Amino acid sequence: MGIRDNTASAMQSSDLEDDSRFTTDINRIAALGKAGKLGRYLWHWKYGKDGACAAPALNVLVRRAAKRLKIREVGEQGRIEYAILRRACIQMLHEWMSPHCRKCNGAKEMIGERGILVQCDACQGSGVRNYPDEERIDALKIERKLYEAKWSRHLRDILSMITAEDIEVALIANTQIHDDEAKVVAQAA
Ligand SMILES: [Zn+2]
């Protein structure tokens, strides 16, 4: 596994998804300024709990996804497709914000009938929610056929755009946190 894969799986683990550890720190991470626009909005929104960053994050994401997926808001058909794209981006931001299994809440296990912990059967112990196709189809307001032919793939692309930004900022932030810790250790010595 490369460093990106490692970070990706780390980001999905429940330890790092415990957003509280970022909440107090995020505004101290000056290096966040070195990150891209979308990554900064995403981080301030998710880990900094700054709801005002949701709309700008969505707008930047829609513009980038349109470019990537070659969707142009031109003509009747283009406008319809662009509206679907916007709903697709909203859905993927929602899934990225709320990745946890709804039954165990990301804990991966539940207290069974005999009072001992058992693996959560809703997520098979992954702690991650598998968003059902029906929910996505409803959110996008499209026919299943169109979803299967095109949008399920587009959704994956959009989610990987979000995840890539998230990871990039994590790498930048980690570097600074390490540097800061090194400084603290040096000062204490
Ligand atoms: Zn679960």
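The values are calculated or read from the model by the stated rules, or taken from the named source; none is laboratory data. The structure displayed is predicted, hence computed values, not measured ones. As a convention, Cβ positions derive from the backbone with ideal geometry for all residues, glycine included, and neighbour counts pool all protein chains shown.
Restricting the search to the range 122-163, which residues are β-branched (V, I, T) and within 18 Å of the chain's Cα centre (by Cα)?
V128, I158, I162, T163
Of the residues making up the range 145-153, at least one is surrounded by 14 or more Cβ atoms within 10 Å (Cβ to Cβ) and in contact (Cβ under 8 Å) with a residue 60 or more places away in the chain. Return yes when E143 is more than 27 Å from K46 (Cβ to Cβ), away from the ligand (no atom under 16 Å from the Cβ) and either at pLDDT 95 or above or of a type in the set (S, T, Y) (or both) and no when it is not. When the stated conditions are applied, E143 passes them. Among the residues of the range 125-140, none is identified as away from the ligand (no atom under 16 Å from the Cβ) and in a loop (DSSP other than H, G, I, E, B).
Quick check on my filter: what residues within the range 56-80 are hydrophobic (A, V, I, L, M, F, W, C) and within 19 Å of I142 (Cα to Cα)? Please lay out each step first, then the result.
First, pick out the residues of the range 56-80 that are hydrophobic (A, V, I, L, M, F, W, C): 57-58, 60-62, 65-66, 69, 71, 74, 80.
Within the range 56-80, V62, A65, A66, L69, I71, I80 meet the criteria.
Apart from one condition, R102 fits all of (1) crowded, with 16+ Cβ neighbours inside 10 Å; (2) within 27 Å of Y41 (Cβ to Cβ); (3) of a type in the set (D, E, K, R); the exception is (1). The single condition among (1) assigned to a loop (DSSP other than H, G, I, E, B); (2) under 16 Å from R64 (Cβ atoms); (3) of a type outside the set (A, V, I, L, M) that H154 does not meet is (1). Counting only helices (runs of 4 or more DSSP H) that fall entirely inside the range 1-86 and contain at least 1 residues that are modelled with pLDDT of 95 or more and basic (K, R), the qualifying elements are 54-68. Would you check if R72 is within 21 Å of W45 (Cα to Cα), surrounded by fewer than 16 Cβ atoms within 10 Å (Cβ to Cβ), free of Cβ contacts under 8 Å to residues at least 60 places away in the same chain and away from the ligand (no atom under 12 Å from the Cβ)? The answer is no for R72.
For the range 97-124, filtered to residues that are among the charged types (D, E, K, R) and more than 26 Å from M161 (Cα to Cα), the residue that is farthest from the ligand (Cβ to nearest atom) is R114.
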